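Student: Handing you a structure now.
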Amino acid sequence: MSAKKAKRTVTRLQFTEEERSRPELQKATQKADKAANKLEKAAKKSKAESLGTHEKSISFGPMKKPVKLQFEELQVKKTPSAFKSAAEVHRQIARSEDDNIGVEAAHRLEGTAEGTVRTAQNAHRSHALKAERKSLKAEKKLDQANVSLLQKRAASEQPLFSTNPLSRWQQKQAIKKEYAAAKAGRGAGTVQKTAQTTVKTAKKAKEALEKATAFVARHSKVFLGIIGIFFVVMLILNTFASCSQMAVGGLNAFLTTSYTASDEDITAADLEYTRLEAELQYDLLNIERDYPGFDEYRYTVDPIGHDPHELIAYLTARFEDFTYAEVEAELRSLFSSMYSLSITETVEVRYRTETLYRTYTVTDPETGEVQIIRESYEVEVPYNFYILNINLSSQSLYSVVYPRMSADQREMYLVYMDTKGNKQYFGNPFTFNWPSHVTSLYGWRVHPITDRLQIHRGLDLGVPLGTPIQSIHDGEVVRVGYDASGYGNYVVIADTDGYRSTYAHCSSILVTEGQSVLRGQAIAKAGSTGASTGSHLHLELTLNGQYLNPYFFIEGTDPYTPPAVGGTNGAYTDYDIPPEA
């Protein structure tokens, strides 16, 4: 029986000396060379045979000039299995067996002897397979190093192409595609007019459309229109294979850079994390109630809070289309790693000055008169001073999630942070970006008036009195009212898809019940009516009666810059909030 052979390809990037000497490429070049040398060494141990070398040039995206790739094809001899023939012998003996005890005994003896031989064969095969696996791993490492080097070269030639994570991700996908195509000996952009290619294209389109259908089913708002347009374009371009593939690729790219969990699961995941943080905040506020009797309470407390997008971007990068139940344990693990609370007791011996009195008699030597003298004096008296030390240390959420992700997951994390998950279905309630005006996020919190732990079902945005408020979607004004103990002046707008938005604490309302409004239309002015501590907008969003976190779904977010790993907690405590808010 002839042994099968597997191919290994040693791929070396051919750069000029000038290119290899660039400081920004030196480290990546050395890493790629080292990986190629390791593969050659591993292949030799696998008794590989060289099938010759060939070169190919590739270029893509922002690269000014093509790069030459040198390929050396190596045949790695696979170790044939000894078990197949042994199993066949077993079957032949078993077929000829009858009830004869002697034959059964011979079969058992044959099995015992074969087991001894098989042990030796296993050892030999295990050694051969180890070398083969090592060469396969080395080839994978080489490919990764080469793609990384090509990406760094492209970035060095056109820095503006890599100004944001999404551009870098798209660039890397293009590099991977061209590199794989060159390695396979074909052009990545070639349209092969064969039945096989047609079937593959159709299959990819079907998979993309199935994925899109599931996505749209959960995110009908806005996406129905987008996907509808996509289907029309697909019908028009159906006769052009390359155009169809481009359209499918565009949809896949959109889906790939979007949060894939449902809006409800995204809201639930962040809500749970706010509950854990709010309980921690509540415990800190009630330390003196829960630990009475101390002379002094010393607090060393880091900020509590997180960026909701950082949390969901991580969960999506790590778990993809997650449900709340699937990530509940991970949320607790993240919280435990992010915060560390210690409460310790210290007893100090201190001294206080006390005034004491003493009496003594004095006899006048001339008259013999006796006087009783009482005088005061001060002494230092020791006593125990009881101190409770409360130390809360926190680190940034980014520092916690970074080591939990692979290199590819970190890349996608930055892409999600750049796109904000592509879930901004609704408009901006203001004419300016709102994140720097957040005074209270959606979720659990310690209520600023009652000091009780409760859910805050909206997003509070502190803005000056009279700031115009815009509707975040088309719809009808279904309620205008006043609630002295809660919302103050408020307005509710509903659309035909089941979404409702509520705008509370307004100083004045500009619309009436039954009126149709458009996205971006001024409907009220910000104020501080009802249960409010300052001028702000309280914005709520529901879908068929179920609350959603507006933070994820309204436009107007700021660009993301990841903090340094190991940095402090990026809690929302340093916003430029108007004093009246």
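The values are calculated or read from the model by the stated rules, or taken from the named source; none is laboratory data. All of these numbers come straight from a predicted model, not from anything done at the bench. Cβ atoms come from the backbone with ideal geometry, glycine included; neighbour counts cover every protein chain shown.
Student: State yes or no: is Ile343 under 30 Å from Ser399 (Cβ atoms) and assigned to a strand (DSSP E or B)?
Tutor: yes
Student: Would you call Ser393 of a type in the set (S, T, N, Q), under 56 Å from the mean Cα position of the chain (by Cα) and either in a helix (DSSP H, G or I) or over 30 Å from Pro292 (Cβ atoms) (or both)?
Tutor: Judged against the criteria, Ser393 is not a match.
Student: Here is a follow-up. From the list Asp321, Asp265, Asp307, Asp270, exactly one residue is crowded, with 18+ Cβ neighbours inside 10 Å, modelled with pLDDT under 95 and charged (D, E, K, R). Which is it?
Tutor: Answer to the check: Asp307.
Student: Would you be able to tell me the number of residues in the stretch 275-334 that are of a type outside the set (Phe, Trp, Tyr), part of a helix (DSSP H, G or I), touching a residue at least 40 places away in the same chain (Cβ under 8 Å) and within 30 Å of Thr346 (Cα to Cα)?
Tutor: 10
Student: Check Thr502, Thr431 and return the single one that is among the polar types (S, T, N, Q) and touching a residue at least 40 places away in the same chain (Cβ under 8 Å).
Tutor: It is Thr502.
Student: Quick check on Asn428: is it part of a loop (DSSP other than H, G, I, E, B) and either within 18 Å of the chain's Cα centre (by Cα) or surrounded by 14 or more Cβ atoms within 10 Å (Cβ to Cβ) (or both)?
Tutor: yes
Student: Would you please name the residue that is surrounded by the most Cβ atoms within 10 Å (Cβ to Cβ), looking only at residues in the stretch 338-367 that are closer than 23 Å to Asn286 by Cα and not hydrophobic (A, V, I, L, M, F, W, C)?
Tutor: Filtering first and then ranking leaves Tyr339.
Student: With over 20 Å from Pro303 (Cα atoms), at pLDDT 95 or above, hydrophobic (A, V, I, L, M, F, W, C) and touching a strand residue (DSSP E or B) at 6+ places or on another chain (Cβ under 8 Å) as the only criterion, which of Val327, Val362, Val370, Val347 stands out?
Tutor: Selected residue: Val347, the only one of Val327, Val362, Val370, Val347 that is over 20 Å from Pro303 (Cα atoms), at pLDDT 95 or above, hydrophobic (A, V, I, L, M, F, W, C) and touching a strand residue (DSSP E or B) at 6+ places or on another chain (Cβ under 8 Å).
Rundown of residues vs (1) farther than 22 Å from Gly556 by Cβ; (2) assigned by TED's automatic domain parsing to the domain that holds Val517; (3) modelled with pLDDT under 90, yes/no style:
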{"site": "Ser376", "(1), (2), (3)": "yes, no, no"}
{"site": "Val379", "(1), (2), (3)": "yes, no, no"}
{"site": "Ile390", "(1), (2), (3)": "yes, no, no"}
{"site": "Tyr402", "(1), (2), (3)": "yes, no, no"}
{"site": "Arg410", "(1), (2), (3)": "yes, no, no"}
{"site": "Thr419", "(1), (2), (3)": "no, no, no"}
{"site": "Pro448", "(1), (2), (3)": "yes, yes, yes"}
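Student: So, one more: Out of everything in the stretch 470-519 that is small (Gly, Ala, Ser) and surrounded by fewer than 16 Cβ atoms within 10 Å (Cβ to Cβ), what residue ends up being nearest to the chain's Cα centre (by Cα)?
Tutor: Selected residue: Gly498.
Student: Here's something else I'd like to know. Listed residues Tyr490, Tyr482; which is closer than 30 Å to Glu277 by Cβ and either assigned to a strand (DSSP E or B) or in contact with a Gly (Cβ under 8 Å, 6 or more places away or on another chain) (or both)?
Tutor: That would be Tyr490, the only listed residue that is closer than 30 Å to Glu277 by Cβ and either assigned to a strand (DSSP E or B) or in contact with a Gly (Cβ under 8 Å, 6 or more places away or on another chain) (or both).
Student: While we're looking at this one, here's another question. What number of residues within the stretch 489-545 are of a type in the set (Phe, Trp, Tyr) and closer than 22 Å to His447 by Cα?
Tutor: Residues meeting the conditions: 2.
Student: Please state which one of Gly486, Gly443 is closer than 16 Å to Leu548 by Cα and either in contact with a Phe, Trp or Tyr (Cβ under 7 Å, 6 or more places away or on another chain) or small (Gly, Ala, Ser) (or both).
Tutor: Gly443
Student: Please work out if Thr450 is under 30 Å from Leu276 (Cβ atoms) and in a strand (DSSP E or B).
Tutor: Spelling it out, it is not the case that Thr450 is under 30 Å from Leu276 (Cβ atoms) and in a strand (DSSP E or B).
Student: Output the residues belonging to the stretch 327-374 that are under 18 Å from the mean Cα position of the chain (by Cα) and either more than 30 Å from Leu271 (Cβ to Cβ) or of a type in the set (A, V, I, L, M) (or both).
Tutor: Matches in the stretch 327-374: Val327, Ala329, Leu331, Leu334, Met338.
Student: Oh, and also: Quick one: is Ser471 of a type in the set (Gly, Ala, Ser) and not assigned by TED's automatic domain parsing to the domain that holds Gly545?
Tutor: no
Here is a yes/no grid of residues against (1) at pLDDT below 95; (2) basic (Lys, Arg):
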residue: Gly486; (1), (2): yes, no
residue: Val491; (1), (2): no, no
residue: Arg500; (1), (2): no, yes
residue: Cys506; (1), (2): no, no
residue: His536; (1), (2): no, no
residue: Leu548; (1), (2): no, no
residue: Tyr560; (1), (2): yes, no
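Student: Here's a follow-up. With the structure loaded, tell me whether Ser406 is without any contact (Cβ under 8 Å) to a residue 24 or more places away in the chain, within 24 Å of the chain's Cα centre (by Cα) and within 19 Å of Ser532 (Cα to Cα) or whether it fails that test.
Tutor: In short, no.
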